[in-house]
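*Asks:* Structure in structure tokens, see below.
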Amino acid sequence: MIYRVDARIVAPVRDTEVTDRVEDAVRNLFPNVEFEHRPGELVGETHSLERFSERLHEQEILETARTEFFKRADDEGFSFALKKQAAFKGVINFAVGNPDELGDIQVHVTVNEPDVESYIDHVAPPTEDGRPVDPDERE
């Protein structure tokens, strides 16, 4: 299946932070991101969440990811927020509740093909007994 997505990533850069380090944090999870520097923030765009998906599998947090994705999903895409400090270490930690003092990394994914639910199933497949399952094989 062909997946076409546009992911917009916005990371605040505080005065106490080094911009290159914030870039590195985002690149740890989204290595193909292309950045635009703006005052006080980095705005990036990528068309692949493959590395991010790999990390979700490695960390075994697929159901958590699905919950976060569907929480802020609509017909065009989905959004989620990540803790910047964890991203520095290449770890996915979804930001819930109050934003971190350094600010959270905001990600908005627009799904062009096929549809939002199919793409979420691709990035973070449903699980049974902690193991990913192909949604087409469950029926």
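The values are calculated or read from the model by the stated rules, or taken from the named source; none is laboratory data. Everything numeric in this text was worked out from a predicted model, so none of it was measured. So basically every Cβ, Gly included, is an ideal-geometry build from the backbone, and we count neighbours across all protein chains shown. Heavy atoms of the whole protein, side chains included, go into the accessibility calculation; ligands, DNA and RNA do not. Shrake-Rupley method; radii C 1.70, N 1.55, O 1.52, S 1.80 Å.
*Asks:* At 7 Å along the Cα-to-beta-carbon direction for both Asp6 and Gln85, put a label point, then send me their distance in nm to one decimal.
*Replies:* So the label points at Asp6 and Gln85 sit 3.5 nm apart.
*Asks:* Using label points projected 7 Å from each Cα along Cα→Cβ, tell me how many nm separate Asn32 and Asp134, to one decimal.
*Replies:* 2.3
*Asks:* Moving on to the next point. Express in nm, to one decimal, how much length is gained between Arg14 and His57 on full extension, taking 0.36 nm for each residue of separation and deducting their alpha carbon distance.
*Replies:* Details: separation 43, 0.36 × 43 = 15.48 nm, distance 3.09 nm.
Extra length from Arg14 to His57 when fully extended: 12.4 nm.
*Asks:* With θ set to phi - 60° and the Karplus curve 6.51 cos²θ - 1.76 cosθ + 1.60, what are the ³J(HN,Hα) couplings of the stretch 83-91 in order, to the nearest whole Hz, using x for Gly and Pro?
*Replies:* For the stretch 83-91, the Karplus-derived couplings read 6, 5, 4, 5, 4, 4, 9, x, 10 Hz, x marking Gly and Pro.
*Asks:* Right, next: How much accessible area per residue does the chain have, in Å², with a 1.4 Å probe?
*Replies:* Normalised by residue count, the accessible surface of the chain is 57 Å².
*Asks:* Right, next: Once the Cβ-Cβ distance between Arg21 and Glu45 is put in as r, and R0 is 22 Å, what FRET efficiency do you end up with, to the nearest 0.05?
*Replies:* Approximately 0.65, to the nearest 0.05.
*Asks:* Give me the one-decimal nm value for the distance between modelled label points at Thr67 and Thr127, 7 Å along each residue's Cα-to-Cβ direction.
*Replies:* 1.1
*Asks:* On to the next question. Which angle between 0 and 90 degrees, to the nearest 10, do you get for helix 50-59 versus the longest principal axis of the chain when only C-alpha atoms count?
*Replies:* Roughly 80 degrees between the two axes.
*Asks:* Let me ask you something else. By how many degrees, between 0 and 90 and to the nearest 10, does the Cα long axis of helix 62-71 differ from the longest principal axis of the chain?
*Replies:* So the helix axis and the longest Cα principal axis differ by about 80 degrees.
*Asks:* To the nearest 10 Å², what's Glu117's accessible area with a 1.4 Å probe?
*Replies:* 110
*Asks:* Report, to the nearest whole %, how much of the accessible area of the stretch 71-129 belongs to carbon and sulfur atoms, 1.4 Å probe, protein only.
*Replies:* Ligands and nucleic acids excluded, carbon and sulfur reach 41 percent.
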